[in-house]
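Peer 1: Below is the structure I would like to discuss, written out as structure tokens.
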Amino acid sequence: HVAQVVQVTDCGARALTKDSMKNIAVLQGAQSGYSVLIGREGTIVDIGTSQEIETRHSKDDIDQVIDGSRKCLIPGLVDAHTHPVWAGDRVHEFALKLAGATYMDIHNMGGGIHFTVDHTRQADEETLFASFSDRLHQMIQSGTTLVECKSGYGLDLENEIKMLRVLERARRESKIDISSTYCGAHAVPKGKTADEATKDIITKQIPAIRQQIDAGKLHVDNIDVFCEKGVFDLCQSKAILQAGKEAHLQINFHGEELHRLGSAEMGAELEAKAISHLEEISDVGISAMAASGSVAVILPTTAYNLRLKPPPVRDMIEAGVIVALGSDFNPNAYCSAMPLVLNLACVTLKMSMPEALVAATLNSAHALGKSDLHGSIEVGKLGNLVLIDAPRWEHLIYQMGNHNNLISTVVWRGNVV
Ligand code: NIG
Ligand code: FE
């Protein structure tokens, strides 16, 4: 993707500096009249007042000018947790949950993830890619420029590889950055025990996927497990994550969602890059994550949809845990719009708007090991930007559900997308 030299002019640029990794956004250049210049390589080459940029660069060298006057610029949003490749929706289960069924009631009846696995196994790559592309397009329109995407609706080698191939194609062809995650331990496949599934993942699936990576056929960044009572227990989860780490995948998994199993402590011990959900995390788990630097990926849509106890985000922030946000887009939580996720994070989890912004940009990028190129408006980072048509950037959170009207331009690696 060769970008043009793009200049966004006269905007109120909200840059988040590297110092803000610990949950508080440092909003620089908050006054209007700033310009950001993106080079042909797609990275930011200069930032300054529009006057400074004009003196440092000749107009002839600039291919495209985006008028940012009376608008606000923020970094492209980073969605740290999604399950976006699947066939078959679950609107019928949504009705059951509204009527009182729990997530695990439905899972244990063979629905939930199992329902999606049945449909995803039957779908071919082309079909999965088509719906996935549409979903990525929706994400881009909502301001997301980097998204973590999981497999996990295959649950056997053939179907997990099929999902990872769909992710790989999107990684090469789509106008959004993707961090891809192997989540073969998303559920125990029907007909197997959790121990049998664990063995299959460790001895068969992980080595085969590593082989595909080494052959240049796949790029996989992270390994994930659903560590939960009735799915993979602490011991099985730890063994799978360790095997993934030995295969050079970053540990990034589901823990402490419905039951307190001590997965936060286990993840901290393994120096997990990130742990998601954490509704049931203990104070000991919080201290362990603060010490290990493992990022807490908080998923407000899921807690909202399933009416779960909200994760103790304020306690985490006060203890020094790095907090990030994700949409958790999946057939159980059908929302990929990060601006809505930020609104929920502020209202239901008591985050401030600057905390939510840094959680959904720099901290999310850090959760994926990509904060060197993503998550803030800085020279040397990718030209991934969102221009908001409002006098203050906070309107993106405040105007609940109105992001499609507020986002006037999304720039990805210097291209207007
Ligand atoms: O993060 N909790 C496990 N995984 C997903 C749900 C996936 C599904 O229900 O299809 C989550 O919420
Ligand atoms: Fe998830």
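The values are calculated or read from the model by the stated rules, or taken from the named source; none is laboratory data. Since the model is a prediction, treat every value here as computed from it, not as a measurement. Because the Cβ atoms are built from the backbone with ideal geometry, glycine has one as well, and the counts that use them run over all protein chains shown.
Peer 1: Please enumerate the residues belonging to the range 298-315 that are under 14 Å from Ala264 (Cβ atoms) and within 16 Å of ligand 2 (Cβ to nearest atom). Walk me through it before giving the result.
Peer 2: Step one: filter the range 298-315 for residues under 14 Å from Ala264 (Cβ atoms), giving 298, 311-313, 315.
Across the range 298-315, the qualifying residues are Ile298, Pro311.
Peer 1: Same structure, new question: Checking His83 against (1) within 26 Å of the chain's Cα centre (by Cα); (2) at pLDDT below 85; (3) part of a loop (DSSP other than H, G, I, E, B); (4) not small (Gly, Ala, Ser), which test does it fail?
Peer 2: Here His83 meets the rest and fails (2).
Peer 1: Here is a further query. Among the numbered criteria (1) surrounded by fewer than 23 Cβ atoms within 10 Å (Cβ to Cβ); (2) in a strand (DSSP E or B), which one does Ala296 miss?
Peer 2: (1)
Peer 1: Tell me, please, whether a residue that is among the acidic types (Asp, Glu), within 16 Å of ligand 1 (Cβ to nearest atom), closer than 30 Å to Trp412 by Cα and out of contact with any Leu (no Cβ under 6 Å at 6 or more places or on another chain) can be found in the range 222-237. Give the steps one after another, and end with the answer.
Peer 2: Kept after step one, since they are among the acidic types (Asp, Glu), are these residues of the range 222-237: 224, 228, 233.
When the remaining residues are screened for being within 16 Å of ligand 1 (Cβ to nearest atom), the result is 224, 228, 233.
Of the ones still in play, those that are also closer than 30 Å to Trp412 by Cα are 224.
Add one more test, that the residue is out of contact with any Leu (no Cβ under 6 Å at 6 or more places or on another chain), and what stays is 224.
Yes - at least one qualifying residue is present in the range 222-237.
Peer 1: Suppose we filter Lys217, Lys229, Lys309 for residues that are in a loop (DSSP other than H, G, I, E, B), modelled with pLDDT under 95 and surrounded by fewer than 24 Cβ atoms within 10 Å (Cβ to Cβ); which single one remains?
Peer 2: Result of the check over Lys217, Lys229, Lys309: Lys309.
Peer 1: If a residue must be of a type in the set (A, V, I, L, M, F, W, C), farther than 9 Å from Ser294 by Cα and within 16 Å of ligand 1 (Cβ to nearest atom), how many such residues does the range 265-278 contain?
Peer 2: Here the count works out to 1.
Peer 1: Right, something else. Among the candidates Glu280, Glu271, which residue alone is surrounded by fewer than 24 Cβ atoms within 10 Å (Cβ to Cβ), outside any strand (DSSP E or B), within 16 Å of ligand 2 (Cβ to nearest atom) and of a type outside the set (S, T, N, Q)?
Peer 2: On the way: Glu271 fails: within 16 Å of ligand 2 (Cβ to nearest atom).
Sole residue among the options that is surrounded by fewer than 24 Cβ atoms within 10 Å (Cβ to Cβ), outside any strand (DSSP E or B), within 16 Å of ligand 2 (Cβ to nearest atom) and of a type outside the set (S, T, N, Q): Glu280.
Peer 1: I'm trying to understand the selection: among the residues of the range 380-417, which are farther than 28 Å from Asn222 by Cβ and in a loop (DSSP other than H, G, I, E, B)?
Peer 2: So in the range 380-417, the residues farther than 28 Å from Asn222 by Cβ come out as 387-395, 398-402, 404-406, 408-409, 416.
Within the range 380-417, Asp389, Ala390, Pro391, Arg392, Trp393, Glu394, Gln399, Met400, Gly401, Asn402 qualify.
Peer 1: When only residues in the range 328-344 that are within 16 Å of ligand 1 (Cβ to nearest atom) and of a type in the set (Gly, Ala, Ser) count, which is surrounded by the most Cβ atoms within 10 Å (Cβ to Cβ)?
Peer 2: This residue is Ser336.
Peer 1: With within 30 Å of Ala365 (Cα to Cα) and in the same structural domain as Leu406 (by TED's automatic domain parsing) as the only criterion, which of Ile113, Ile62 stands out? Show your work before the answer.
Peer 2: Numbers: Ile113 fails: in the same structural domain as Leu406 (by TED's automatic domain parsing).
It is Ile62.
Peer 1: Quick test for you: out of Glu318, Glu378, Glu355, pick the one residue that is away from ligand 2 (no atom under 16 Å from the Cβ), free of Cβ contacts under 8 Å to residues at least 12 places away in the same chain and not hydroxyl-bearing (Ser, Thr, Tyr).
Peer 2: Within the list Glu318, Glu378, Glu355, the selection yields Glu318.
Peer 1: Follow-up question, since we're still on this one. As an exercise: evaluate Gly401 against (1) over 25 Å from Ile178 (Cβ atoms); (2) without any contact (Cβ under 8 Å) to a residue 40 or more places away in the chain and give the number of the one condition it does not meet.
Peer 2: Tallying (1) over 25 Å from Ile178 (Cβ atoms); (2) without any contact (Cβ under 8 Å) to a residue 40 or more places away in the chain, Gly401 fails exactly one: (2).
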